[in-house]
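Trainee: Here it is, the structure, as structure tokens.
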Amino acid sequence: MKRFIALYDRLDSTTSTHEKVEAMVAYFREAPSADAAWALYFLTGQRLKRVVSAAALSGWAVAEARITPWLFDESYGVVGDLAETISLLVGREHTVDRPWPVHVPLSVWVEQHLLPLRQMDVASQREHVVGWWRDLDRRAIFVLCKLLTGALRVGVSRTLVTRALAEVAGVPSAVIAHRLMGDWSPTPEFYKGVVSGDTSTTSASRPYPFFLASGYEGPLSDMQVTLGDVEDWQLEWKYDGIRAQGIKRNGEVFLWSRGEEMIAERFPEIADAFSRMPDGTVLDGEVVIRKDGKVLPFAVLQTRIGRKDVSKRVLAKTPAAFIAYDVLEEAGLDRRDTALAVRRRVLERIVAGFEPRICLSPIIPALTWREASAARSQARTRGVEGLMMKRLDSKYGSGRTKDGGWWKWKVGPYTLDAVLVMAQHGHGKRANLFTDYTFAVWDQGKLVPIAKAYSGLTNVEIEELDKWIRRHTLSRFGPVRAVEPVHVFELGFEGVAPSSRHKSGIAVRFPRILRWRVDKPVHEADTLGRLRRLVDTVRAAGGFDLGDEERHAPSLFDETKADSAAGLSRPGKDALEQTGAFDREDPTRGPDASRGGF
Amino acid sequence: MSVGTYGESQLLQSDDVGLGCARGGFHVDPWGASPCAVITHAHSDHVRGGSEVYYCASDSRALIEQRVPGAKVIGVPYGEAVRLGDATISFHPAGHCLGSAQVCVQAGHDGAGEVWVATGDYKRQADPTCDEFEVVPCDVLITEATFGLPIYRWEEAEDVIDEIIAWWRSCEERGKVAVLLTYALGKAQRVLGELERAKTRAGNEWMNDRVVYVHGALEGMIESYRKAGKALFPTKPVALEADKRKNSRESFAGQLVMAPPSAESSPWIKRFGQSSHVEIGFASGWMSLRGIRRRRSCDRGFVISDHADWPALLQTVEESGCKRVLTTHGYSATLSRYLREQGMESSVLRTQYADEEE
């Protein structure tokens, strides 16, 4: 594990992407395949599941450090990371360098020491883990706890890992990206396959890397100059569903979400339709709920995400459909290198006859950019997020590139003026500043919390607000402070839905701060009534009617689940707010958010 | 909420000018103007202008005079009793920086009153550039709590200095400039003092004919330390060196440069070339948290602090033999609560020092 820890250190101690890639290249060139496979697994953001509970680890750390639970919680609130908190509490920086345990190879560590913990009772788990803490230095304890509890998050994106492996293998990055798609086990054989110079083989289930659009931010007046003639572009609606790739090969169907989850089980009606496609067909599209010809809001689709077995009743009530907008493979041939205009004709031919289950994404006619803009302004009433604009001559690329010729032109978010009522420490980069804010709106003379947000302010504003918060705290409950309700902020959000989990009765989707309304007095902030009217509008447009089967979002990417099980305070993320890897369009995240990235 | 309320009988109390002693007619480290200011150490947030007279430990005098030019500053040797109003004070080493002191206060002049000690900022680690913390037995201890959480536990300073030296070497090998950020008073000189000591350790012979280049902001304080007889690593101002040679980048590759934290985002740092030719390290206790390192976007963090860590805070409370602890500055509420749980009378003393957690 020593080599892996050294790699982690190198990656953590530089902000230069070049140095990070170099560090990984050096590692992958030296490490035995078995170790490299696991390193790759962790660097791409995957994690061992259900090995040891975070609650248990925290408890052992409290005992080992001879402190009390509330003191642990305070510490965690400042550090913002469980593994780091534990390493700081129980670890020493320098210890005598012993052959055991740090010289044991990574693969042996994971397979023979970590994974077997699953089968042990808690007392035995404790004995092993605490024993390791006593024998390892702080750095090693940190990495170990990271492997036990969650994603590595060392500031290395999937793109960088791909680049490093491409250098080691001597094949293009796009080939490596393709090899890493889908489910795989970190075996030495798999790793050898990833870095193999031989580019001929591929597996039936493996999806292609998704091609991603960049956000168009410019004004209408710039479009002719920036994008050229509208005739050179294909315009379609940007759907608010789950981006997915449907594959039919060798008699089998695979449905992959953008977050690389197999979701065919959840949408059997779509899988069924794909089974009737010819072998060697791969389509790129959007999974939505489509009833009576109408695409329903994302909140409705959300109720299907958690289910692995789907009853007839659910199929009838919330039928799913696949809106196809691209073809990647046809008759077993990779079509990505042909122009969109050509792929579109092929797509039209393939999809004919598969309605309503698989339908074509309609092309929006527009003779001028102005007409395109007019279409975009209808987005809300149509229940879509805006427009997709793709150059007719564009090829189907990989990941997000600057000049790929694909743009998304989203409508502005809903906005709301809310009052800052509570604050707590941020995490990671913001660990010792108050950056986790709770906002409230008026309801019959009282302020009711409706959303938490942590992004949108400049560093200067954050520091200023942090100082103000320290001086204007009314009361504290653990790490959370109630502050004087005087500051108003304009929040942006993507949608609303009724929610029994929230005191306000409403869940707000992707809330973030747009600006600090220093000009607005607190009594002019918005009301809960306004949010309720918004819920009614959306309901009228197609309904949520969740009935008594309201479900929460799955725990697939629920990093906070372990922490909330530990009773540790974390920003609460409701079903509607945390759609994890299903929805990569979270505007509160940076443009380069990708699986495994920091 | 503080446990136990006390009336007028408090020897030291927070008022709008600072931590005041009514009986003595003075304030400790006042943030406003006081008829008489008793200063623990020369950091700018503890020395504000406007007071009529300033008392401090002798070793601090020259530094404080730089902070409040023209003011009346009286330096007092460690341990010597001084009568102020109807109280007696004395200064004792705090180990924070040159001339740093704890202030011991007693009502009356007969030595029979309750003993209060305000620690000011302090650390328990040995430091070649200033006098080590002296335990002063007392009844009431007013202690800082900058690092009052169990996650803050320092390593031996020597080990951290070895890390700095290894990093310097590594930067040299890769042709980079090693820019080390340190606070101008205390940390910078401590690091230079430790680097000087490190020369005698095996493998560091190469340091014998080297010089550390320093930012202008550090020069004054470094001079003061040398004048006070502290053995520091040889230094040269960056400005002079840059003037000598045309191509700045070449001239500083492989060198160790020290600068105050504010230099990181200033135009000054551009003289060393593109950011790919420079590695920035920051020497501070705050570097122990990964989140803070990332926010500052420094390449390396060196966890060395001139404040007491959690174990040192607890050790000091115990060794002082005090019956009551007032906490200030930092994680004051946390430390106070913890002490109460251990059976000690404790509450938070509100002040206006920077980084006040409360």
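Trainee: Name the helices (runs of 4 or more DSSP H) wholly inside segment B:240-358 in which the number of residues that are modelled with pLDDT of 90 or more and in the same structural domain as B:CYS97 (by TED's automatic domain parsing) is 2 or more.
Mentor: Details: elements: B:248-252, B:290-296, B:310-320, B:332-341.
Because the criterion is at least 2 residues that are modelled with pLDDT of 90 or more and in the same structural domain as B:CYS97 (by TED's automatic domain parsing), the helices (runs of 4 or more DSSP H) in segment B:240-358 that meet it are B:310-320, B:332-341.
Trainee: Is at least one residue of segment A:295-313 farther than 18 Å from A:GLY246 by Cα, of a type in the set (Ser, Thr, Tyr) and either assigned by TED's automatic domain parsing to the domain that holds A:ARG509 or within 26 Å of the chain's Cα centre (by Cα) (or both)?
Mentor: Scanning segment A:295-313 turns up at least one residue that is farther than 18 Å from A:GLY246 by Cα, of a type in the set (Ser, Thr, Tyr) and either assigned by TED's automatic domain parsing to the domain that holds A:ARG509 or within 26 Å of the chain's Cα centre (by Cα) (or both).
Trainee: Please pick out the residue among A:VAL62, A:VAL21, A:VAL25 that is of a type in the set (A, V, I, L, M, F, W, C), within 15 Å of A:SER157 (Cα to Cα) and within 14 Å of chain B (Cβ to nearest Cβ).
Mentor: Working: A:VAL62 fails: within 15 Å of A:SER157 (Cα to Cα); A:VAL25 fails: within 14 Å of chain B (Cβ to nearest Cβ).
From the options A:VAL62, A:VAL21, A:VAL25, the qualifying one is A:VAL21.
Trainee: Taking the stated definitions as given, is B:ARG324 touching an Asp or Glu at 6+ places or on another chain (Cβ under 6 Å) and under 26 Å from A:ARG470 (Cα atoms)? Don't jump to the end; show me each part of the working.
Mentor: Working: touching an Asp or Glu at 6+ places or on another chain (Cβ under 6 Å): yes; under 26 Å from A:ARG470 (Cα atoms): yes.
In short, yes.
Trainee: Would you point out which residue out of B:ARG83, B:ARG23, B:ARG61, B:ARG124 is outside any strand (DSSP E or B) and over 21 Å from B:LEU141 (Cβ atoms)?
Mentor: Result: B:ARG61 is the single residue among B:ARG83, B:ARG23, B:ARG61, B:ARG124 that is outside any strand (DSSP E or B) and over 21 Å from B:LEU141 (Cβ atoms).
Trainee: Of the residues B:LEU181, B:LEU185, which single one is closer than 30 Å to B:THR40 by Cα, more than 14 Å from chain A (Cβ to nearest Cβ) and touching a strand residue (DSSP E or B) at 6+ places or on another chain (Cβ under 8 Å)? Full working, then the answer.
Mentor: Numbers: B:LEU185 fails: touching a strand residue (DSSP E or B) at 6+ places or on another chain (Cβ under 8 Å).
Being closer than 30 Å to B:THR40 by Cα, more than 14 Å from chain A (Cβ to nearest Cβ) and touching a strand residue (DSSP E or B) at 6+ places or on another chain (Cβ under 8 Å) holds for just one of B:LEU181, B:LEU185, which is B:LEU181.
Trainee: Could you tell me which residue of segment A:418-454 is nearest to the chain's Cα centre (by Cα), considering only residues that are within 14 Å of another protein chain (Cβ to nearest Cβ), of a type in the set (Gly, Ala, Ser) and assigned to a loop (DSSP other than H, G, I, E, B)?
Mentor: Step one: of segment A:418-454, the residues within 14 Å of another protein chain (Cβ to nearest Cβ) are A:423-436, A:454.
From what's left, of a type in the set (Gly, Ala, Ser): A:423, A:426, A:428, A:431.
Narrowing further to those that are assigned to a loop (DSSP other than H, G, I, E, B): A:426, A:431.
On the way: A:GLY426: 19, A:ALA431: 21 Å.
Taking the candidates together, the pick is A:GLY426.
Trainee: Within segment A:1-90, which helices (runs of 4 or more DSSP H) (wholly inside it) include 2 or more residues that are buried (at least 18 other Cβ atoms within 10 Å of the Cβ) and of a type in the set (Gly, Ala, Ser)?
Mentor: Values: elements: A:2-12, A:17-30, A:33-43, A:54-65, A:69-79, A:82-90.
The helices (runs of 4 or more DSSP H) meeting that bar are A:33-43, A:54-65, A:69-79, A:82-90.
Trainee: Filter segment B:69-93 down to the residues that are under 24 Å from B:ALA217 (Cα atoms) and out of contact with any Lys or Arg (no Cβ under 8 Å at 6 or more places or on another chain) and list them by number.
Mentor: In the first step, residues of segment B:69-93 are kept if they are under 24 Å from B:ALA217 (Cα atoms); the result is B:69-71, B:73.
Within segment B:69-93, B:PRO69, B:GLY70, B:ALA71 qualify.
Trainee: Only one residue in A:PRO485, A:PRO511, A:PRO479 is touching a Leu at 6+ places or on another chain (Cβ under 6 Å), over 27 Å from A:LEU296 (Cβ atoms) and not charged (D, E, K, R). Which one?
Mentor: On the way: A:PRO511 fails: over 27 Å from A:LEU296 (Cβ atoms); A:PRO479 fails: touching a Leu at 6+ places or on another chain (Cβ under 6 Å).
Just one listed residue meets the conditions, A:PRO485.
Trainee: Residues B:PHE147, B:PHE133: which one is within 14 Å of another protein chain (Cβ to nearest Cβ), touching a residue at least 24 places away in the same chain (Cβ under 8 Å) and within 17 Å of the chain's Cα centre (by Cα)?
Mentor: Result of the check over B:PHE147, B:PHE133: B:PHE147.
Trainee: Also: Determine, yes or no, whether A:SER107 is of a type outside the set (Asp, Glu), at the interface with another protein chain (Cβ under 10 Å from one of its Cβ atoms), assigned to a helix (DSSP H, G or I) and within 28 Å of the chain's Cα centre (by Cα).
Mentor: Details: of a type outside the set (Asp, Glu): yes; at the interface with another protein chain (Cβ under 10 Å from one of its Cβ atoms): no; assigned to a helix (DSSP H, G or I): yes; within 28 Å of the chain's Cα centre (by Cα): yes.
When the stated conditions are applied, A:SER107 does not pass them.
Trainee: Continuing with this model, one more query. Only one of these is buried (at least 20 other Cβ atoms within 10 Å of the Cβ), of a type in the set (Phe, Trp, Tyr) and under 14 Å from A:TRP516 (Cα atoms): A:PHE489, A:PHE493, A:PHE434. Name it. Before you say what the answer is, go through the steps one by one.
Mentor: Working: A:PHE493 fails: under 14 Å from A:TRP516 (Cα atoms); A:PHE434 fails: under 14 Å from A:TRP516 (Cα atoms).
The match here is A:PHE489.
Trainee: Further question on the same structure: Out of the residues in segment B:153-170 that are over 23 Å from B:ARG226 (Cα atoms) and in contact with a Leu (Cβ under 8 Å, 6 or more places away or on another chain), which is farthest from the other protein chains (Cβ to nearest Cβ)?
Mentor: Here the residue is B:TRP168.
Trainee: Just wondering, is there one or more residues in segment B:300-312 that are within 12 Å of chain A (Cβ to nearest Cβ) and hydroxyl-bearing (Ser, Thr, Tyr)? Break it down into steps so the answer makes sense when it comes.
Mentor: Within segment B:300-312, the first condition is being within 12 Å of chain A (Cβ to nearest Cβ), and the residues that meet it are B:300-304, B:309-311.
So of that shortlist, the ones also hydroxyl-bearing (Ser, Thr, Tyr) come out as none.
For segment B:300-312, residues within 12 Å of chain A (Cβ to nearest Cβ) and hydroxyl-bearing (Ser, Thr, Tyr): absent.
Trainee: Which members of segment B:279-295 meet the condition of being hydrophobic (A, V, I, L, M, F, W, C) and at the interface with chain A (Cβ under 9 Å from one of its Cβ atoms)? Quick ask: steps written out before the conclusion?
Mentor: Quick first cut of segment B:279-295, residues hydrophobic (A, V, I, L, M, F, W, C) only: B:280, B:282-283, B:286-287, B:289, B:292.
The answer is B:TRP286, B:LEU289, B:ILE292.
Trainee: Quick check on my filter: what residues within segment A:187-246 are in contact (Cβ under 8 Å) with a residue 40 or more places away in the chain, in a loop (DSSP other than H, G, I, E, B), surrounded by fewer than 16 Cβ atoms within 10 Å (Cβ to Cβ) and not aliphatic (A, V, I, L, M)?
Mentor: Residue satisfying the conditions is A:THR187 alone.
For every residue, the table says whether it meets (1) free of Cβ contacts under 8 Å to residues at least 60 places away in the same chain; (2) buried (at least 20 other Cβ atoms within 10 Å of the Cβ); (3) assigned to a helix (DSSP H, G or I); (4) of a type in the set (Lys, Arg).
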site: B:LEU180; (1), (2), (3), (4): no, yes, no, no
site: B:GLN189; (1), (2), (3), (4): no, yes, yes, no
site: B:ARG197; (1), (2), (3), (4): no, no, yes, yes
site: B:LEU218; (1), (2), (3), (4): yes, yes, yes, no
site: B:GLY229; (1), (2), (3), (4): yes, no, no, no
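Trainee: While we're here: Within 12 Å of another protein chain (Cβ to nearest Cβ) and either touching a helix residue (DSSP H, G or I) at 6+ places or on another chain (Cβ under 9 Å) or closer than 15 Å to B:PHE147 by Cβ (or both): is that true of B:SER276 in this structure? Outline the logic, then answer.
Mentor: Details: within 12 Å of another protein chain (Cβ to nearest Cβ): yes; either touching a helix residue (DSSP H, G or I) at 6+ places or on another chain (Cβ under 9 Å) or closer than 15 Å to B:PHE147 by Cβ (or both): yes.
Against the criterion (within 12 Å of another protein chain (Cβ to nearest Cβ) and either touching a helix residue (DSSP H, G or I) at 6+ places or on another chain (Cβ under 9 Å) or closer than 15 Å to B:PHE147 by Cβ (or both)), B:SER276 qualifies.
Trainee: Looking at (1) assigned to a loop (DSSP other than H, G, I, E, B); (2) in contact with a strand residue (DSSP E or B) (Cβ under 7 Å, 6 or more places away or on another chain); (3) crowded, with 20+ Cβ neighbours inside 10 Å, find the lone condition where A:VAL300 falls short.
Mentor: Unmet for A:VAL300, out of (1) assigned to a loop (DSSP other than H, G, I, E, B); (2) in contact with a strand residue (DSSP E or B) (Cβ under 7 Å, 6 or more places away or on another chain); (3) crowded, with 20+ Cβ neighbours inside 10 Å: (1).
Trainee: Residues being among the hydroxyl-bearing types (Ser, Thr, Tyr) and modelled with pLDDT under 95: count how many of those fall in segment B:147-182.
Mentor: Filtering segment B:147-182 down to residues among the hydroxyl-bearing types (Ser, Thr, Tyr) leaves B:152, B:170, B:182.
Cutting the leftovers down to modelled with pLDDT under 95 gives us B:170.
Residues that pass the stated criteria total 1.
Trainee: List the pairs whose first member sits in segment A:527-540 and is farther than 16 Å from A:ARG382 by Cβ, whose second member is small (Gly, Ala, Ser), and whose Cβ atoms are under 8 Å apart, counting only residues at least 6 apart or on separate chains?
Mentor: Hits for this filter: A:LEU528/A:SER504; A:LEU531/A:SER504; A:ARG532/A:GLY505; A:VAL535/A:ALA497.
Trainee: Can you pull out every residue in segment A:152-178 that is without any contact (Cβ under 8 Å) to a residue 24 or more places away in the chain and surrounded by 21 or more Cβ atoms within 10 Å (Cβ to Cβ)?
Mentor: A:THR162, A:ILE176
Trainee: On to the next question. Out of segment A:488-539, which residues are in a loop (DSSP other than H, G, I, E, B), of a type outside the set (Phe, Trp, Tyr) and closer than 16 Å to A:PRO413 by Cβ? Give the derivation first.
Mentor: Keep residues of segment A:488-539 that are in a loop (DSSP other than H, G, I, E, B), which gives A:494, A:499-505, A:510-511, A:517-521, A:525-526.
Checking which are of a type outside the set (Phe, Trp, Tyr) leaves us with A:494, A:499-505, A:511, A:517-521, A:525-526.
Those that are in a loop (DSSP other than H, G, I, E, B), of a type outside the set (Phe, Trp, Tyr) and closer than 16 Å to A:PRO413 by Cβ: A:GLU494, A:PRO511, A:ARG517, A:ASP526.
Trainee: A further question follows. Only residues that are of a type outside the set (Val, Ile, Thr) and either touching a Pro at 6+ places or on another chain (Cβ under 7 Å) or buried (at least 19 other Cβ atoms within 10 Å of the Cβ) (or both): list them for segment A:261-285, please.
Mentor: A:GLU261, A:ALA264, A:ARG266, A:PHE267, A:GLU269, A:ALA271, A:ALA273, A:PHE274, A:MET277, A:LEU283, A:ASP284, A:GLY285 - these are the residues of segment A:261-285 that are of a type outside the set (Val, Ile, Thr) and either touching a Pro at 6+ places or on another chain (Cβ under 7 Å) or buried (at least 19 other Cβ atoms within 10 Å of the Cβ) (or both).
Trainee: Please give the number of the condition B:ILE89 fails out of (1) touching a Cys at 6+ places or on another chain (Cβ under 8 Å); (2) more than 25 Å from B:GLY285 (Cα to Cα); (3) at pLDDT below 95.
Mentor: Result: B:ILE89 passes all but (3).
The values are calculated or read from the model by the stated rules, or taken from the named source; none is laboratory data. Everything numeric in this text was worked out from a predicted model, so none of it was measured. Because the Cβ atoms are built from the backbone with ideal geometry, glycine has one as well, and the counts that use them run over all protein chains shown.
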